[in-house]
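Single-structure report; data block below.
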Amino acid sequence: MSGVFLLARRSIRYHFGRTLLLTACLTLTFSFPASVHLLVARFQQRATARADATPLLIGAKGSRFGLALHALSFQGETPELITMRELEQIRESALAMPVPLLARFRARGHLVVGTTTNYFRFRHLEIQRGRPLGRIGDCLLGAAAAAHLNAGPGDRVVTESENLFNLAGPTPLNLRVAGVLAPAGTEDDSVVFVDLQTAWILEGIGHGHPETNGPINVPPGTNVRPHSASASNLRTHSAVTDENQESFHFHGNEADFPLSAIIALPNDEKSETLLMGRYLTPGNPAQVLKPGDVVQDLMRIVFDTKRFLDLGALLFGAVTFLLVGLIVALSLRLRKQELETMFKLGCSRWTIVQVQSIELLTILAMSLILASFLSILTNLLGLEWVSRFLVA
Amino acid sequence: MIQIENLEFAYGAAGFGLRIPQLSIAAGSTVAITGPSGSGKTTMLSLLSGIFRPASGRILVNGRDLGALGESERRRFRIRTVGFIFQNFELIDYLDVRENMLLPFLINRSLKLNAAVRRSAETLADSVGLSEKLNRPVTQLSRGEQQRVALCRALLPGPRLILADEPTAGLDAANAERVMEQLGEHAARIGATVVCVTHAISLLDRFNRVLEISTFLEPT
C-alpha cells in the first residue's frame with residue numbers, strides 16, 4: 001500500500017500545474033458557499049444580538065430599515081430628524097429611559113455620534129485609555145476608529161464640513177480625544193462619540209466666540225474664524241479650550257434641537273406597550289419600532305439574496321466538477337502509456353484505480369483544508385472588511 | 001521451457017492474426033527473433049507474457065498453459081515469471097532512478113519490497129554504472145542510461161523469462177553493445193531465458209539462437 005501512496009505523491013508533485021489548477025478550482029467551489037453561509041450566519045447573529053438588545057427605537061416616520069440601520073449600525077443615510085421634544089415627552093411619561101442619538105457628521109471618515117453617558121452604560125462600552133467625556137468639544141474614539149485615525153487621548157480629530165460650498169454653514173470643529181473605548185466587536189468600534197451639545201455645535205446651533213460688539217482683528221494662526229458669511233465680522237472658535245469653553249452657547253429653544261433617533265429603554269413590558277401605543281396615532285410625525293422585528297424582516301431579504309448566491313454556487317460547483325472530470329479524463333489519456341506499462345508489469349486495474357483515487361482524494365483533501373481556512377478567514381475578517389468598505 | 005503448439009490469435013474479428021504451428025525454446029537460452037515490421041513479433045511477445053490470450057492452441061511456459069489461465073492468473077504469472085524491456089524504455093517520468101527500478105515492487109503487493117531488495121537494486125545499479133544516479137529523475141538521464149534503468153527494472157524481481165522488444169532501438173552502437181552485454185550477463189547469472197525481438201544484425205551473434213519469424217509464424 002505504501003508503494004501506491006508513493007506513486008500518488010510523486011505524481012501530484014510532478015504534475016504540479018494540474019494539481020494547482022484542480023486544487024484552486026475545488027477550493028473556490030467549496031469555500032464560496034461556505035464563506036457566504038458563515039458570513040450570513042455571523043451577520044445575522046451580530047445584527048440580531050444588537051437589535052434584540054435594543055428594546056424600542058423612535059425616529060421620524062419613513063423607512064423602518066433606514067432608521068434601524070442608522071441607529072443600530074450607524075450605516076446608511078441619516079433619517080429625517082426629530083426634536084428633543086420627543087425625548088422630553090418620553091422622559092415625562094416615565095415609561096422608559098430615552099437615549100438620544102444624533103449622527104450626521106463625520107471626522108476623517110468616521111461617523112460622529114452625539115449621545116449621552118446612558119448610551120455607554122446601555123451598550124456596556126468601557127474606556128480602555130483616557131477618561132470619559134469631560135466638556136463640550138471632547139470625543140471618545142471607538143477602538144477601530146482610534147486605530148485607523150492613529151489617535152489617542154490628548155490628540156485632536158477634526159470633523160468634516162457638511163458642505164464645502166456652503167460658506168454660511170457650520171465650520172469643522174477640532175475635537176479633543178478624551179479617551180479610547182475598549183473593543184466591543186460591534187459597530188461602536190468605528191465611531192467617534194461626542195456629547196449632544198458638541199453634536200449640536202457641529203449642526204451649527206451652538207458656537208463660541210470672543211465677547212465683542214464690533215469687528216475684531218484676529219492674528220493669523222489663531223483658533224478663531226468667521227462664523228458665517230452673513231456675519232463675517234463674528235468669528236467663532238473652531239476648537240474648545242480651557243480658555244474659551246465658557247464662551248460656547250446655543251441659540252433657540254432646546255426642545256427644537258435635532259436628534260436622529262432615540263433608543264427607549266422601557267421600565268417593563270406594560271410600559272413598552274403603553275409607549276408604543278402613543279405612536280400609533282396617524283398624525284404623529286414620529287414612529288416607534290422594535291429593532292428585533294425590523295432586523296428579522298431585513299434578514300428575510302438577506303436570505304432571499306443568499307438563495308440566489310447558493311444557486312450561483314451550485315451552478316459554479318457543477319461547472320467545476322465537470323472541469324475536474326475533463327482534466328482527469330485528459331490526464332488519464334495523457335498517462336495512458338504509463339498505465340499500460342504498469343499493467344504489462346503485472347499491476348492490477350484495482351491498483352491503478354487506487355493510485356488515481358489517492359491522487360484525487362489528496363487534491364480533494366488539500367482543497368477542503370484550504371477552503372476551510374479561507375472560510376474561517378472570511379468569517380473572521382469579512383465583517384470588518386464590509387464595515388471598512390461602508391465607512392470608506 | 002517454452003512450448004507453443006498450434007497457436008492461433010487475431011486482433012478482433014477481421015484484424016491482423018497469426019498462427020504458430022510449433023515452436024520450442026529451451027530454458028536458459030537466449031533467442032533473437034527477427035523479421036520485418038508488422039510481421040507479428042511484438043504480438044508474439046504479448047502472447048508469451050500472457051497479456052494476450054490465444055484464440056486456440058497452447059503456450060506452455062514452465063509447464064503452465066497460459067491459454068488456460070484467467071486474467072488475474074496471467075497477471076500473477078507476469079509478476080513472478082516475466083521481466084519486460086521495452087523499445088521506448090517506458091520509465092515513469094515522475095519517479096527517480098531507484099524508484100523506477102523498484103516499480104514492480106511498488107505496484108504489485110505480491111512482491112515484497114524489503115531491505116534485501118533495496119540492496120539488490122543498488123548492486124544491480126552499480127553493475128550497470130548507475131550507482132551515482134540512483135536519486136536522479138530519469139528524465140535527466142541519457143537514452144543509454146534510461147535503457148539500463150529499464151534493464152534493471154526487468155531483472156530485479158529475478159524473472160525466469162525476459163522479453164525484450166527491440167531494446168537497442170534508438171541507441172548508438174556503443175550503448176546498444178553495452179545494454180546487450182549486460183542483459184546477457186545478468187540473464188545468465190539468474191538463469192533466465194531471453195526472447196529478444198531485434199533488428200540489430202550486428203548484435204545477433206550474442207544470442208544462442210536466431211529465429212526469422214517467417215520460419216515459424218504464419219500470418220492469417
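Every number here is computed from the coordinates shown, using simple stated rules; none is lab data. Just so it is clear, the model here is predicted, and its values are computed rather than measured. Here the Cβ positions follow ideal geometry from the backbone for every residue, glycine too, while neighbour counts run over all protein chains shown.
The figures follow:
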| quantity | calculated |
| --- | --- |
| Shielding by partners - mean other protein chain Cβ count within 10 Å, residues of B:69-76 | 2 |
| Gain in span if fully extended, A:Leu6 to A:Glu269, counting 0.36 nm per residue against the direct Cα distance | 87.7 nm |
| Relative contact order of chain A, defined on C-alpha pairs under 8 angstrom at six or more residues apart (%) | 28 percent |
| Largest-first principal axis extents, alpha carbons of chain A, Å | 108, 57, 36 |
| Alpha-carbon centroids, segment B:21-80 and segment A:47-64: separation in whole Å | 86 Å |
| Antiparallel %, DSSP beta bridges [both residues in chain A], to 5 | 80 percent |
| GNM top mover of A:His110, A:His148, A:His70 - chain A, alpha-carbon springs below 10 Å | A:His148 |
| Assigned charges on the beta-carbon of Lys, Arg, Asp, Glu; chain A dipole about Cα centre (debye) | 2220 debye |
| Computed [θ] at 222 nm, helices only, for chain B once each DSSP H run of length n ≥ 4 contributes -39500 (n - 2.57) | -10000 deg cm²/dmol |
| Where Rh is the Kirkwood radius over Cα pairs, Rg/Rh for segment A:56-289 | 0.99 |
| In nm, spacing of pseudo-spin labels at B:Ser24 and A:Leu326 (7 Å Cα→C-beta vector) | 6.1 nm |
| Linear extension gain, A:Ser357 paired with A:Gln296, 0.36 nm per residue minus alpha-carbon span | 17.4 nm |
| Selected from A:Gly130, A:Leu345, A:Leu67, residue furthest toward positive end of dipole (chain A; charges at beta carbon) | A:Leu345 |
| Segment A:288-307-segment B:93-122 distance, computed between alpha-carbon centres (Å) | 64 Å |
| Antiparallel DSSP beta bridges within chain B, percent to nearest 5 | 50 percent |
| Averaged over B:90-97, number of beta-carbon atoms from partner chains that fall within 10 Å | 5 |
| Electrostatic dipole magnitude of segment A:56-289 [Cβ: Lys, Arg +1; Asp, Glu -1; Cα centre; debye, to 20] | 260 debye |
| Packing-based order for A:153-160, A:309-316, A:50-57, using average beta carbon neighbours within 10 Å, highest first | A:50-57, A:153-160, A:309-316 |
| Per-residue ³J(HN,Hα) for segment B:120-125, Karplus 6.51 cos²θ - 1.76 cosθ + 1.60, θ = phi - 60°, Hz, x for Gly and Pro | 4, 4, 5, 4, 4, 4 |
| 222 nm mean residue ellipticity, helices alone, for chain A (DSSP H n ≥ 4; -39,500 (n - 2.57); rounded to 500) | -16500 deg cm²/dmol |
| Backbone HN-Hα couplings from phi across segment B:200-209 [Karplus 6.51/-1.76/1.60, Hz, Gly and Pro as x] | 7, 4, 5, 9, 5, 6, 7, 9, 5, 8 |
| Unit charges at the beta carbon, dipole of chain A: most positive-side option, A:Leu21, A:Met97, A:Ser190 | A:Leu21 |
| Separation of the B:Asn62 and A:Lys336 label points, Cα + 7 Å toward Cβ, nm | 3.3 nm |
| Pairwise FRET efficiency - A:Leu315 versus B:Thr215, Cβ, R0 = 60 Å, nearest 0.05 | 0.35 |
| Rounded to the nearest 20 debye, dipole of segment A:290-376 from Cβ charges on Lys, Arg, Asp, Glu | 280 debye |
| Reach of A:Lys344 by Cα under 22 Å, taken over lysines that are not fewer than 8 positions away in the same chain | A:Lys336, B:Lys41, B:Lys112 |
| Long-range HN-HN contacts of B:Ala164 with modeled amide H, under 5 Å | B:Ile85, B:Val195, B:Cys196, B:Val197 |
| GNM result for chain A, Cα springs below 10 Å: residue of A:Glu80, A:Glu187, A:Glu269 fluctuating most strongly | A:Glu269 |
| Neighbouring partner chain Cβ atoms per residue of B:101-108, average, 10 Å criterion | 6 |
| GNM result for chain A, Cα springs below 10 Å: residue of A:Asn253, A:Asn118, A:Asn379 fluctuating most strongly | A:Asn253 |
| Inter-probe distance in nm under a simple model that places probes 7 Å from Cα toward Cβ, at A:Ala239 and B:Glu132 | 7.8 nm |
